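*Asks:* Pasting a structure here, questions to come.
The values are calculated or read from the model by the stated rules, or taken from the named source; none is laboratory data. Note that the structure is predicted; figures quoted are calculated from it, not measured. Backbone-built Cβ (ideal geometry, glycine too); neighbour counts: all protein chains shown. Only protein heavy atoms, including side chains, enter the accessible area calculation; ligands, DNA and RNA are left aside. Shrake-Rupley method; radii C 1.70, N 1.55, O 1.52, S 1.80 Å.
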Amino acid sequence: MEKNQYNAALESFDACVSEAIKVSQAIAGGKVASRLSWASILFTRLCNSCMSVLVIVPRSRLSRTDRQHWDFSAVASLIRNLIECYFTFFYLVIDPTNNEEWRCRLTVMELHDYISRLKMFRDFESDDEQLQKFEQLSDELTQQLVGTALFSSLPEKQQKKYLKGESAFLLNQDELLSRMGEPVGFFRGMYRFLSTHVHTLPMAFSRTGEQGRGLGLENDVEKRHISSSLQFAEHFVRRATREMIGLFPDAMEVAHISENPLHK
C-alpha cells in the first residue's frame, strides 16, 4: 500500500475528529434537558475514543515519533468501541420518536446497568454493602417498566429478557442500521472483521508473520487494515457531528467551523 494512501486516510480522520471536538467543546457546560444531556455524554465519549485511536496509530500527531508500532488488532478494538458508542448515541438520542419511547429505552438501559453492577459486585464480594442498593434500584426500575404500555406490548419472552438485564437495547444492530439508512451488508462485514481482532479469533492471528503482519512492524497489510478502519469510523463520527449540530444549532457558530467537512 502506498504511504500517501495511509497518510491521506489518517489526515482525513484527524480533521474529522478535530471538528467533532470543537463541537463538543462548544456545547460543554450548558444546562440541557435529560435527553440532550445524554447526547453530550455519549458524544464526549465518542470524541475521547477518537483521540485514543490517534494516540496509537503510527504517524498521527498524537503518536510517539521515536518508535512506530503497527498493531491493527489494538486499533480494531478501539474502532469497534467507537462504532458501538455511535450506535448507543443514535439509539438513545436521535432515533426515539416520542418521549414515552425514549423513557422506555432509557429505563431498560438503566435496569441493565444496575443488574450488571449487581452481578459484578456480587462476584467480587458476595456481602458487598452496595448489593442491597443495586437490588433496590433494579426493583424500582422493574416496576416502572411493567407499568408502561409500550413495554407491556412487547412479547412476554422479550419482556423477561429485559427484566433479567440480558440486553440494554430494544432494537438490534440491523434494525438500527435500517433506521439509519446504512447498508447492512457492508457494515456487518466490517463489524465482523473488527470483532475477530477484538476477541482474538483465528482470523486475527492465523497468518501472523505473513508480510510482517502481527509483529508490530510497518507492512502493507497493517496499513491497509488501519486505513480502511479509519475511513469506516470517520463516516460515523461525521454522522454524529452533524446530528449534534442538529441538536445544538449554535455549536457550529461557536466552534467556528465550516459546513463542508461535515457533509463529506
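*Asks:* Does anyone have the angle between helix 34-56 and the longest principal axis of the chain? Alpha-carbon axes, 0 to 90°, nearest 10?
*Replies:* 30
*Asks:* Helix 130-146: angle to the longest alpha-carbon principal axis of the chain, degrees 0 to 90, nearest 10?
*Replies:* 70
*Asks:* Can you tell me the 0 to 90 degree angle between the C-alpha axis of helix 184-198 and the longest principal axis of the chain, rounded to 10?
*Replies:* 80
*Asks:* If a/c stays under 1.5 just call it rounded; otherwise compare a/b with b/c (prolate if a/b is bigger, oblate if not). Do that for the range 147-264, with a ≥ b ≥ c from the square roots of the Cα gyration tensor eigenvalues.
*Replies:* oblate
*Asks:* Still on this model: How far is it, in nm, from the label point at Glu101 to the one at Ser228 when both lie 7 Å from their Cα along the line to the Cβ?
*Replies:* Placing both labels 7 Å beyond Cα along the Cβ direction yields 3.4 nm.
*Asks:* Under a point-charge model restricted to the Cβ atoms of Lys and Arg (+1) and Asp and Glu (-1), what is the dipole moment magnitude of the range 9-66 relative to its Cα centre, in debye to the nearest 20?
*Replies:* It comes to approximately 240 debye.
*Asks:* Okay, moving on. Using a 1.4 angstrom probe on the protein heavy atoms only, could you order Glu156, Glu234, Glu125 from most to least accessible area?
*Replies:* Glu156, Glu125, Glu234
*Asks:* Right, another one. Would you calculate the separation in nanometres between label points at Gln130 and Val146, each defined as 7 Å from the Cα along the Cα-to-beta-carbon direction?
*Replies:* Each label point lies 7 Å from its Cα, and together they span 2.7 nm.
*Asks:* For Glu101, Glu84, what's the largest-to-smallest order of accessible area, 1.4 Å probe?
*Replies:* Of Glu101, Glu84, the descending order of accessible area is Glu84, Glu101.
*Asks:* Sticking with this one: How much accessible surface does Lys133 have with a 1.4 Å probe, in Å² rounded to 10?
*Replies:* Accessible area of Lys133: about 100 Å².
*Asks:* Using a 1.4 Å probe on the protein heavy atoms only, what accessible surface does Leu217 show? Give it in Å² to the nearest 10.
*Replies:* For Leu217, solvent-accessible area is about 100 Å².
*Asks:* Here's something else I'd like to know. Under unit Cβ charges (Lys, Arg +1; Asp, Glu -1), what dipole magnitude, rounded to 20 debye, does the chain have relative to its Cα centre?
*Replies:* Dipole magnitude for the chain comes out near 520 debye.
*Asks:* Only Cα pairs under 8 Å and at least 6 apart count here; give the relative contact order of the range 90-203 as a rounded whole percent.
*Replies:* 29
*Asks:* Separate question: Exceeding 20 Å between C-alpha atoms, which entries from my cross-link table qualify? They are Lys119/Lys157; Lys119/Lys164; Lys133/Lys160; Lys22/Lys223.
*Replies:* In this structure, Lys119/Lys157; Lys133/Lys160; Lys22/Lys223 exceed 20 Å between Cα atoms.
*Asks:* Just to confirm, what accessible area per residue do you get for the chain at 1.4 Å probe, in whole Å²?
*Replies:* Counting only protein heavy atoms, the per-residue value for the chain is 53 Å².
*Asks:* With θ set to phi - 60° and the Karplus curve 6.51 cos²θ - 1.76 cosθ + 1.60, what are the ³J(HN,Hα) couplings of the range 10-20 in order, to the nearest whole Hz, using x for Gly and Pro?
*Replies:* 5, 5, 5, 5, 4, 5, 5, 5, 4, 6, 4
*Asks:* Given labels modelled 7 Å from the Cα in the Cβ direction, how far is it in nm from Asn48 to Asp139?
*Replies:* Distance between the two pseudo-spin positions: 3.3 nm.
*Asks:* To continue, here is another question. Express the relative contact order of the range 154-264 as a whole percentage, based on alpha carbon pairs under 8 Å and six or more residues apart in sequence.
*Replies:* Normalised by residue count, the contact order of the range 154-264 is 9 percent.
*Asks:* While we're looking at this one, here's another question. Taking springs between alpha-carbon atoms closer than 10 angstrom, which of Asn98, Asn81, Asn172 fluctuates most in the Gaussian network model of the chain?
*Replies:* Result: Asn98 has the largest fluctuation of those listed.
*Asks:* Oh, and also: GNM on the chain, C-alpha springs below 10 Å: top fluctuator among Asp127, Asp220, Asp174?
*Replies:* Asp127
*Asks:* Additional query: Quick one: Cα centre-to-centre distance for the range 113-168 and the range 71-108, in angstrom?
*Replies:* 20
*Asks:* Next question, about the same structure. Can you find, among Tyr162, Trp38, Cys50, the residue sitting farthest towards the positive end of the charge dipole of the range 33-173, where Lys and Arg contribute +1 and Asp and Glu -1 at Cβ?
*Replies:* Cys50
*Asks:* Students often get this wrong: which residues of the range 205-231 have the backbone nitrogen under 12 Å from the point 7 angstrom along Cα-to-C-beta of Leu247?
*Replies:* Output list for this probe position: empty.
*Asks:* Going by a ≥ b ≥ c, the root eigenvalues of the Cα gyration tensor, does the range 135-205 fall in the rounded group (a/c under 1.5), the prolate group (a/b larger than b/c) or the oblate group?
*Replies:* Oblate shape, in that a/c is at least 1.5 and b/c is the bigger or equal ratio.
*Asks:* Let me ask something else. If contacts are Cα pairs under 8 angstrom and at least 6 residues apart, what is the relative contact order of the chain in percent?
*Replies:* 32 percent.
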